[in-house]
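The values are calculated or read from the model by the stated rules, or taken from the named source; none is laboratory data. Model, not experiment: these values are computed from the prediction. Ideal geometry is used to build each Cβ from the backbone, glycine not excepted, and the neighbour counts take in all protein chains shown. These accessible areas exclude ligands, DNA and RNA; they are computed on the full protein's heavy atoms, side chains included. Shrake-Rupley method; radii C 1.70, N 1.55, O 1.52, S 1.80 Å.
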Amino acid sequence: MNQRAHAAVWGAIAGHTLGAPLRGRTSYTKLSFYDPVPQRMAACPPVEAWLVLAKTLAEAKRPADVPSLLEEHWAYREGATAFASANLARGLQAPLSGCFENPLSEDSSSLGRAIFWGIAFPGQPELAASWASFDATYDHAGEAVMAARSIAAAVAVSGRGVSVVDIVRSATSVVPSNSLIHRVVALVLKTLGQTDAVRKIQLQGAESLAVADPNHAVLTWAYALAAFGNAKDPIGALLAAAGCGASSDVAAMVCGTLACLVFGDLPSDWTDPLGLDFVAGHGLRSFDPPLTIDDVVTAVGSVVVEPPLGEVVTMAPTVESAPETKTTVDTEQESATEATDGVSAEPEETEEAQPVPAEESTAPISPKPRLPEPPLGLAMAWQDGDLQTVAEYIDSPVGQAGSPFRMAVRFWNGGQDPVTVRSTIASGAGWPLATRLDTHLVPAGEGIVQGVVAQPDHLECDQQLVLTVDATTYRIPVLAPMTWWSAGPFSNEDGAAFTKEFPAERSQKSSDRFSGRSGMPLRWAPVTGSGRSLDVEPLFQSGPGVVVFYARLHFPVPGRYKVVAAGSPGVVLRVNGETIVKYLDTHKPVPGDRAPYSGSFDVNGDCEVLIRVMRDRTPAAKLVLYFLSDTGAVVDPVTLSGLPE
């Protein structure tokens, strides 16, 4: 049995089981053991994903294959993954599936999967981080991808006797210097050895990192790293991480993995309550779940890729980023080492952060692998042998009839020989294309880019551009916009907008005329959006007030749905005249399925939706607006055009 995999699997499952009952808590909880004491392990979706990820290595799949395998075999459609699945259903492949109109794209739900890549590639943090990137972009973006890379690299170098300083050096070496991960590490290292260090980070971390969502990936990574860095054994680490609440199951899972790799296996009084049987949830598809936890250890351990013998070990270089946004890590090796030995280190005055000196590291880190990285942003990527094809949207995947639709097609040759690329592109809807692709010889290790401009003449429904590369066909979606009608801005007299009904909420006809702010004449005007958000600030014309939105929506399946509407500082949403969401807040709304931003309603086909959006003296953020089925799946209803006369 692979002893490293054994320690990691049991540490992760124990952490997830310990943290699951505390998920969502906002205050710190001091623990002494499992509470409640389980009779078996808690079902752990990230570990179930490990079985799918192991399949990619066992079958010699490519990193770019990971998102499609997760979509096929790992059917947990919750949170950020629900948006990824909805995007994939519309033809938006990774990494676009994770970033397009995904309001939860930076939550913590991909971090448990990232652990696997650190186990699979011991001593190879850059390789682990690269695979973790492809994995995370399936359903996440931005700092969540950076956190996944960082965790994979940290796990890859963790082992008996490896110091916290070496682990955090590896964790920061694989992310850009302007990533929040560097601030996470600086924050954690300054608290090492302090009394109640983890609790202090739980109280101050969100403000220090300037994140509003308690389930944000960098905040969860901060909890896990602080709990691990301030512990002397796996038990202390697990208890501290789970006590932070929020995404406590993920934080304790990551922390438990690191702690068991560095300090050793859990004692029997901590493993006995988990039982021997592996408890699977509902998410695996076309997989026979393992019978025991040790069967998981065997499955994971069988695909571990050891570094080549005799490989020269060096510190991985930091990923480059714009120098003007550079953020570095503030640490002193001596003080950090003392802190991990249990010597209290009082906080010092804040100083300018300094980079970690790479030459002092003893962590085993391999040279940079020859692997393509997934593109970030509004792009989709496919891998065929050594050739990576990327379709990058210049503006947005959402088109506008009568307006140019622009994109770039990139080819990158990751092999050692030149490749001839023969490509064509056509519009399945018969739109005129201003450009056409050509045949190119792409040198080894280089790439080319070609621009494409289409002219949509109609977009009542989603359409596609058809890209053919040699004998392979890729479909590039052009999404139809969602059309709302808006009226405003109206004046918020005496601050009564939250309770006052405006004339536009009483009548929605094309002949309506209203008196707006400062007596300005108003009428209904169409506003197009992507379907899950509306850019409302331009409608307020740089001043406070109220804007009303109206649409008739069609849901193809009758039933009960949820709507989430989050905009600052307040929203009132009604469906068929019934108030479903109503709140007035001074803080930044977190667009998750929770009160006061969500509500349920029944629909049988079509419904009318009215939204009153308020603005104070600060610019209004985008209104995040999406619908969920009773199973938690994201539903994109169709807007019915036109207003009654």
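A Förster distance of 45 Å, applied to the separation of the beta-carbon atoms of Arg40 and Asp395, puts the FRET efficiency at 0.30. Inter-label distance, Val466 to Glu78: 4.1 nm, where each label sits 7 Å from its Cα along the C-beta direction. In order along the range 619-628, the Karplus-derived 3J(HN,Hα) couplings, from 6.51 cos²θ - 1.76 cosθ + 1.60 at θ = phi - 60°, round to x, 7, 6, 4, 7, 7, 9, 8, 10, 10 Hz, and Gly and Pro are given as x. The portion of the accessible surface of the range 554-642 made up by carbon and sulfur, rounded to a whole percent, is 52 (1.4 Å probe; DNA, RNA and ligands excluded). Peptides 436-449, 177-190 ranked from most to least packed give 177-190, 436-449, packing being the mean of other C-beta atoms within 10 angstrom over each peptide's residues.
Counted residue by residue at 0.36 nm each, then reduced by the alpha carbon distance between them, the extension gain from Asp585 to Thr618 reaches 10.6 nm. Ignoring ligands, DNA and RNA, what percent of the accessible area of the range 136-277 is carbon or sulfur (1.4 Å)? That share works out to 51 percent. Phi angles of the range 545-557 translate, via the Karplus equation with coefficients 6.51, -1.76, 1.60 and θ = phi - 60°, into HN-Hα couplings of x, 9, 10, 10, 10, 9, 7, 9, 10, 10, 10, x, 10 Hz per residue; Gly and Pro are given as x.
Set the Förster radius R0 to 30 Å, insert the Cβ-Cβ distance between Ser403 and Arg523 as r into 1/(1 + (r/R0)^6), and round the FRET efficiency to 0.05. That pair, Ser403 with Arg523, gives E of 0.85. The stretch between Lys30 and Val449 holds 145.3 nm of extra length on full extension. This uses 0.36 nm per residue minus the Cα-Cα distance.
Treating only the Cβ of Lys, Arg, Asp and Glu as charged (+1, +1, -1, -1), what charge dipole size does the range 163-305 show about its Cα centre? Round to the nearest 20 debye. Magnitude of the dipole: close to 740 debye. Please compute the length gained on full extension between Ser208 and Lys232, using 0.36 nm multiplied by the number of residues separating them and subtracting their Cα-Cα distance. Stretched fully, the Ser208-Lys232 segment lengthens by 6.0 nm.
Spatial offset of the range 602-645 relative to the range 395-448 amounts to 35 Å, using the alpha carbon center of each.
Per-residue 3J(HN,Hα) values for the range 458-464, derived from phi via the Karplus relation 6.51 cos²θ - 1.76 cosθ + 1.60 with θ = phi - 60°, read 7, 8, 6, 8, 4, 10, 9 Hz in sequence order (x marks Gly and Pro).
A simple spin-label model places pseudo-atoms 7 Å from Cα toward Cβ; at Ser629 and Thr195 they are separated by 5.5 nm. Local charge for Gly243 was computed over the other residues whose Cβ lies under 14 Å away, with Lys and Arg +1 and Asp and Glu -1, and equals +2.
Pairwise Cα distances in the range 456-522 exceed 14 Å for 72 percent of all pairs.
Residues in the chain average 41 Å² of solvent-accessible surface per residue, probe 1.4 Å, ligands and nucleic acids excluded. The Cα-based radius of gyration and maximum Cα-Cα distance (Dmax) for the chain are 25.9, 79 Å.
Between Asp602 and Leu643, how high is the FRET efficiency from 1/(1 + (r/R0)^6) when r is the Cβ-Cβ distance and R₀ = 35 Å? Nearest 0.05. Calculated transfer efficiency: 0.90.
Dipole check for the chain: with +1 at the C-beta of Lys and Arg, -1 at the C-beta of Asp and Glu, and the Cα centre as origin, the magnitude is about 1680 Debye. Highest mean first, the peptides 70-83, 218-231 sorted by other C-beta atoms within 10 Å per residue fall in the order 218-231, 70-83.
When each of the peptides 536-546, 21-31 is scored by the mean number of other C-beta atoms lying within 10 Å of its residues, the order from highest to lowest reads 536-546, 21-31.
Projected label points at Val304 and Arg160, each 7 Å from Cα along the beta carbon direction, are separated by 1.2 nanometres. Restricting to DSSP H runs of at least four residues, report the calculated mean residue ellipticity at 222 nm for the chain, -39500 (n - 2.57) per run over all residues, nearest 500 deg cm²/dmol. Using -39500 (n - 2.57) per qualifying helix, the result is -8500 deg cm²/dmol.
Carbon-plus-sulfur accessible fraction, the range 1-124 (probe radius 1.4 Å, protein heavy atoms only): 48%.
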